[in-house]
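No lab work stands behind these numbers, since they all come straight from the coordinates. It should be emphasised that the depicted structure is a prediction, and the values quoted were computed from it without experimental measurement. Note: ideal-geometry Cβ built from the backbone for every residue, glycine included; neighbour counts use all protein chains shown.
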Amino acid sequence: MKVFLLYPDHDFDLEQELPSNHADLTQDLELNTLFNAMAGGDDYLFKAARHVVLCGTNDLEVIRYRQDILRDCLKHPDVIRRIYQIPIQAMEAKRGKWLGIFTSFPSGILTSALTMLEIYVDMLKTLKLLADAHADEFESSGFRRFFAMIRQELDDDYFALVDTHLKKLRFRGGVLVSAKLGRGNEGTSYVLRESDFEDRHWLERVFSRQSPSYSFTLHPRDDAGARALGDLRDRGLNLVANAVAQSADHIESFLRMLRQDLAFFVGCLNLAEHLAQLEEPIAFPQPAPCGQRTLSCLELYDVALALTMNRKAVGNDLSADGKDLVIVTGANQGGKSTFLRSIGLAQLMMQCGLFVPARSFSANLCRGVFTHYRREEDATMESGKFDEELGRMSVLIDAIAPDSLILFNESFAATNEREGSEIARQIVSALLEARVKVFFVTHMYEFARGFYAKAARTSLFLRAERLPDGRRTFQLRPGEPLETSYGADLYRQTFATDEVKSLSPHLESPAPAEQSRRPGALSDASA
């Protein structure tokens, strides 16, 4: 039996290696906040969410397959959680009763395997009852196939046959073993025989003609004789013990796979319930093939921020169809980095089949998602901060492929603006030539203005909105880059004195162009 809830034609490998850049993605996009919300304190759910999200797919059919299954899960959360508890209960029962690992004797292995088979069969019966009761309520092809398999493979005749075999394998009437005499009159060719003695009516047992036989009785203190008889019994039971243990392993493998696939969807249910409490919208995205350049959304918000604040986050609308470069500039603390993170999170969530944090979302799939974020100063670094940035960029260049997505956040700002702008320009130009989709949040005016001057139809320029009184709306609007990021607003908020307030008109004025562009000039972000 197969589960096939994460892929339509093969199983998901929960032990597969994560992408080489998973640590940077987790840090820069604050993915652990998302995983913790999906896990709800359960380590197994955390692991499942982490692997499925980070090992996303760019196969359109797989994503749609998972989306349909998730829609069913959202409609019937109670049924999904009840099914998910079945393999968990089975694993807990095994920890409490499985003794096979402590013995190498066939009789001990058989006893333990029979105990586990009886438990597993009871779990399968529960699963069959749920399938019979709720199968017709599900609409996705994945669940319809799953429930059809359960109802077909686990019918009443199957359970009746299994119960009969389990009863016989207890050998309450003793073990019937045949053997041949070998060299030196040693036993050989031991075969376990089926006895119909237990199946007979008691009158038949009493009055039926018995085959002639010889018997002997062991003395209660004859330990050697008991060991010899035990050895004979084990030789007869050896093949049966292995077969029963393999049967138990087969059912356990199915239950483990059921738990693994459902763990992701249970995590999705946990996340959906959490966001519903915050009254945040969710939507199933419309994915497009990798080769297209599609991106549009309504009320896209940073789900990590909403989960951290435990309240609604500001959303953004975006129309970037046909764009392969998006440069974001504007006021300090205006929501630029938050917006960038929301783009990366939504892309990863879409490519694993999850809903996205938005009113609506449509984007092309990517062959990989990469981040290059500014890092805090590390006193243990052997080289400078700028060298560290270039080193990470070199690693990304080796890993990135055409039709990937890369998110830059304040990259290459560790040097003077002219040098940082030139390096950023050359790197971004090379990435665009290689058909890599680029989002770049920056305070480097020369870099942003240089691309803006080209007026390329495939470029979009966004600016963090700032009201005339200096307040931030945390929303981004299309707009050309400005020479200031209004760092004076932050200075005034932090050191609010009458003297500073009286100077505020001068502090908010953009710096002259020649001053901001001279070599070594500091931008507002650096001040």
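What number does region 383-464 give for Rg over Rh if you use C-alpha atoms and the Kirkwood radius? List each step's numbers first, then the result.
On the way: Rg = 12.6 Å, Rh = 13.3 Å.
Rounded to two decimals, Rg/Rh equals 0.95.
For S319 and R435, what does the FRET efficiency come to when R0 = 25 Å and r is the distance between their Cβ atoms, rounded to the nearest 0.05? Before the final figure, lay out each step's value.
Values: r = 21 Å, r/R0 = 0.84.
Computed FRET efficiency for S319 and R435 comes out at 0.75.
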Fill in: Distance (nanometres) between label positions extended 7 Å along Cα→Cβ at E388 and Q27
0.8 nm
Worksheet, complete the sentence: Residues of region 1-45 with backbone N under 18 Å of the label point set 7 Å from the Cα of R71 along Cα→Cβ are 5-8
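Gain in length, H10 to E92, computed as 0.36 nm per residue apart minus the alpha-carbon separation, to one decimal in nm? Before the final figure, lay out each step's value.
Details: separation 82, 0.36 × 82 = 29.52 nm, distance 2.67 nm.
Separation in residues times 0.36 nm, less the Cα-Cα distance, equals 26.9 nm.
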Worksheet item: Among all the lysines, which ones have a C-alpha under 26 Å from K94's C-alpha, if same-chain residues fewer than 8 places away are not counted?
Response: K2, K47, K125, K128, K167, K168
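For region 11-78, state the semi-axes of the equivalent ellipsoid (square roots of 5 times the eigenvalues of the alpha-carbon gyration tensor), sorted largest first and rounded to whole angstrom.
Gyration-tensor ellipsoid for region 11-78: 21, 17, 11 Å.
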Worksheet item: Can you give the FRET efficiency for R311 and Y158, using 1/(1 + (r/R0)^6), R0 = 41 Å, r = Cβ-Cβ distance, to the nearest 0.05?
Response: 0.20
Item to complete: Using Cα positions and a limit of under 29 Å, work out the lysines in reach of K454, with same-chain residues fewer than 8 apart set aside.
Response: K323, K336, K437
Worksheet item: Full extension from E279 to V395: what is 0.36 nm times the residue separation minus their Cα-Cα distance, to one decimal in nm?
Response: 37.7 nm
